[in-house]
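Take a look at the structure set out below.
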Amino acid sequence: MTDPTPLLELRGIRAAYDRIDVLFGVDLVVEQGSVVALLGPNGAGKTTLLKVACGLMPATAGDVLFCGKRVNGVRPDELARRGVAMVPEGRGIFPNLTVRDNLRMMTYTGASLSEIEAVAFDRFPRLKERIRQVAGTMSGGEQQMLAMARGLATDPAVLILDELSMGLAPIIVEELYEIVATVARSGVSILVVEQFASTVLGVADHAAIMVHGRIVRDGAPADLEQELSSAYLGNQQGDR
C-alpha cells in the first residue's frame, strides 16, 4: 500500500526580505515519486519558496513538512542528510576545482568517492571524460550536469532544481530534462522551478503557477499549458 503522506509539503508559507513580504500563504505539495514544476514570471517568488523549503531562509509563517514531520528551523545540512537536496540557480559548483574534487566534496555524506563517482558517471557519462578538468572551464550544460551529480550524491528523496535552463541552449536544456525524467523514474521526487515552461511540462506530473508571491493555479500540466502565454511567463531569467 502506498504511503499517502506527501514527501514535501509547504503549508501557508509566508516569507519576507527586510520586512517586505514576498510570499503570501503558499501551499505546495510534492508527492512521493512525482515531478512538480513551479512556474511563473520573473520576481514571482519562486526561488524564495525553494529557499524556505531547503532551510536556507526562514518562513515568517506557515509550515514546512518533510515526510509528514515539521522541519521549520532545521539547518540546510541536516535537511540534506534527511533527504532534501537542492541545485541552486547558477550551477552550485566549485568552478576552481576539478570535476573529481567537486564530487569529492560530497563524501561528507558518508559515501565513498568511488561510490559517488559510480553513480555520477552512470547518470552523466560526459563527466567521466572531464574528471580531471577544472569545472569552471566546462560548458554550461556540463557544469549543470556536475551540479546535478553533486545533488544526487546525497541519495536524496527529493531533488530541488532552480532554473535548470538558465543560460543554456535549448538543445542542452532538452538533454538535461531527459536526465531529469530518468532520475524521476529511479524514484527521486523532483521540484523544479522554471521560468520557461515548455520543456519541463513534458516531464512534470503536476504544475503550479506562481504570481506575486501566490499560487494562482495548479493542476495537471496539460490543463495549465494553455494558460502559459509568453506574456505570463516573460522572456527574462532570474528570480528573487
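What follows is calculated from the coordinates using simple rules that are stated; it is not laboratory data. Given the structure is predicted, the values throughout are model-derived calculations rather than measurements.
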Report summary line: Relative contact order in percent for the chain (Cα pairs under 8 Å, 6+ apart) equals 29
Report summary line: With -39,500 (n - 2.57) per DSSP H segment of 4 or more residues and division by the full residue count of the chain, the 222 nm estimate, nearest 500 deg cm²/dmol, is -9000 deg cm²/dmol
Requested in this report: State the percent of C-alpha pairs, over all pairs in the chain, separated by a distance greater than 31 angstrom.
Outcome: 19
Query - Average Cα contact separation per residue, the stretch 91-155, under 8 Å, 6 or more apart, as relative contact order % - result: 48
Query raised in the report: Between Glu225 and Gln133, what length comes free when the chain is fully extended (0.36 nm per residue of separation minus the Cα-Cα distance, one decimal in nm)?
Result: 29.1 nm
Report summary line: Percent relative contact order for the stretch 28-166, counting Cα pairs under 8 Å at least six residues apart, stands at 28
Query raised in the report: So what's the projected area for the stretch 91-155, the Cα convex hull averaged over all directions, in nm²?
Result: 3.6
